[in-house]
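One structure below.
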């Protein structure tokens, strides 16, 4: 088994990855809050952890991968109210949209994908356990975690008490409004009482809904157990979300929630985090209209997951040329079934590539270096004079590219709808010029040829128009 080094946010250092139980890896990633379409920042989170679980399986681990969906949340309730629909309908709509986008990006489905609304009873029981253990208290229908009861609070984010008390501006406002209920400003909600006609569930403390931090702890406990191997997510979740998960889980169980905490950095636009709240985001849907899934994946993976990515359309366009470079080399895998055996040199090249690729991935999943190895191998393929060597190395290239979730589907000669429409318009312009020259034979040939491929041309006094048959 490969010796894999991972950067553990909890220790602040690289550590050798050793699962808790033999060959089994229990891995949990924080998924989306489904109140809008997903953007490139969400794509990075999903793709990064998709690659991690793919690689762990590739080297022989038995992975149980869980990624949750938050389908009840203040943001969901607010957005649903603005649109005049129920929160359930809104979250269902954007859950389907998220699944569609993930499939389009070749992100594998997790082994389990729990939704918050499916785990209400477990969250209530979890909260009651914290109350019984002296780690939480009820106040006017709300239940808060007593941070003072957990002496290690702050160990993940490594923040001091003053920083914790200050929090973000948004949190500070919320703390101010709830100051009369909470023992301390840093205490966080496990259960929130609901107003009349709000989405709610019955509980020992009255009707309400769970706090955001609670759902992951309850899901991890139910599906994976009290201590898991890897807990991962975006770096913006370190505090307060993951900090609060640690506090409530470890207070209840008296043992570590996760052995390794992994966090990916942001996608940035003009050095600013891409976020819906800032209005500086590009949805996955928008980007897939212009770029292939492999281009988007390569763009994300050509940076190490802990480094920020600066997004521009130009940078994606540059990445698309990189995909073409790989696809040209990969094309030699096909159509050479009768080729002779590869040379010793080709076999040595493949062996060196595999070693360097694995070394990169074993070093905290360094996809940036792994991709550079793919490029080097692609150059070896295109420069080789032997058909057998080309096929052998191309097969190796495709196999390892798929470890990164690249489909390697050759789309170089496929046209998107917008480009196809522009080509038809260009052809009709050439037909018009032929008619003006009284070259009716060419004009008729163009019309006949377009009809044969399913494009109906209609002439009028205002010029020619077209439609798909």
Subject >> Distance (nanometres) between label positions extended 7 Å along Cα→Cβ at residue 89 and residue 462 >> reply: 3.8
**OP:** Report the full-extension gain for the segment residue 151 to residue 57: residue separation times 0.36 nm, less the Cα-Cα distance, to one decimal in nm.
**Re:** 30.2 nm
**OP:** Would you mind checking the tilt of helix 387-403 against the longest principal axis of the Cα atoms of the chain, expressed as 0 to 90 degrees and rounded to 10?
**Re:** 30
Subject >> Extension gain from residue 348 to residue 312, taking 0.36 nm per residue of separation minus the Cα-Cα distance >> reply: 9.1 nm
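Taking R0 as 22 Å, what's the FRET efficiency between residue 444 and residue 469 from their Cβ-Cβ distance, rounded to 0.05? Before the final figure, lay out the partial values.
Values: r = 18 Å, r/R0 = 0.80.
E(calc), rounded to 0.05, equals 0.80.
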**OP:** Measure nothing fancy, just the Cα-based angle from helix 313-330's long axis to the longest principal axis of the chain, in degrees from 0 to 90, nearest 10.
**Re:** 60
Subject >> Global form of the range 1-156, assessed from the alpha-carbon gyration tensor, a/c cut-off 1.5 >> reply: oblate
Subject >> Label of the coordinate-derived value, mean projected area of the Cα convex hull in nm², listed as (i) 23.1; (ii) 37.2; (iii) 29.5 >> reply: (iii)
Original post:
Calculated FRET efficiency, residue 24 and residue 385, Cβ-Cβ r, R0 41 Å, to nearest 0.05?
Top reply: 0.30
Original post:
How far is helix 40-58 tilted, in degrees, relative to the longest principal axis of the Cα atoms in the chain, given as a value from 0 to 90 rounded to the nearest 10?
Top reply: 90
Original post:
Sorted from largest down, what three extents in whole angstroms do the Cα atoms of the range 5-278 have along their principal axes?
Top reply: 52, 44, 39
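Order the peptides 433-446, 450-463, 48-61 from the highest to the lowest mean number of other Cβ atoms within 10 Å of their residues.
Most protected by this proxy first, the peptides run 48-61, 433-446, 450-463.
Between residue 429 and residue 226, what length in nm is gained on full extension when 0.36 nm per residue of separation is reduced by their alpha carbon distance?
On the way: separation 203, 0.36 × 203 = 73.08 nm, distance 6.81 nm.
Here the segment from residue 429 to residue 226 would lengthen by 66.3 nm.
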**OP:** Please report the relative contact order for the chain, taking Cα pairs under 8 Å with a sequence separation of at least 6, and give it as a percent rounded to a whole number.
**Re:** 16
Subject >> DSSP beta bridge pairing in the chain, given as percent antiparallel to the nearest 5 >> reply: 50
**OP:** Give me 30, 216, 232 ranked fewest to most by other Cβ atoms within 10 Å of their Cβ, as a rough exposure proxy.
**Re:** 30, 232, 216
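Please arrange 417, 283 by counting, for each residue, the other beta carbons lying within 10 Å of its beta carbon, fewest first. Working shown, then result.
Working: 417 8, 283 18.
Listing 417, 283 from fewest to most nearby Cβ atoms yields 417, 283.
No lab work stands behind these numbers, since they all come straight from the coordinates. What you see is a predicted model, and the numbers here were worked out from it, not measured in a lab. When we count neighbours, we look across all protein chains shown, and the Cβ atoms used for this are built from the backbone with ideal geometry, even at glycine.
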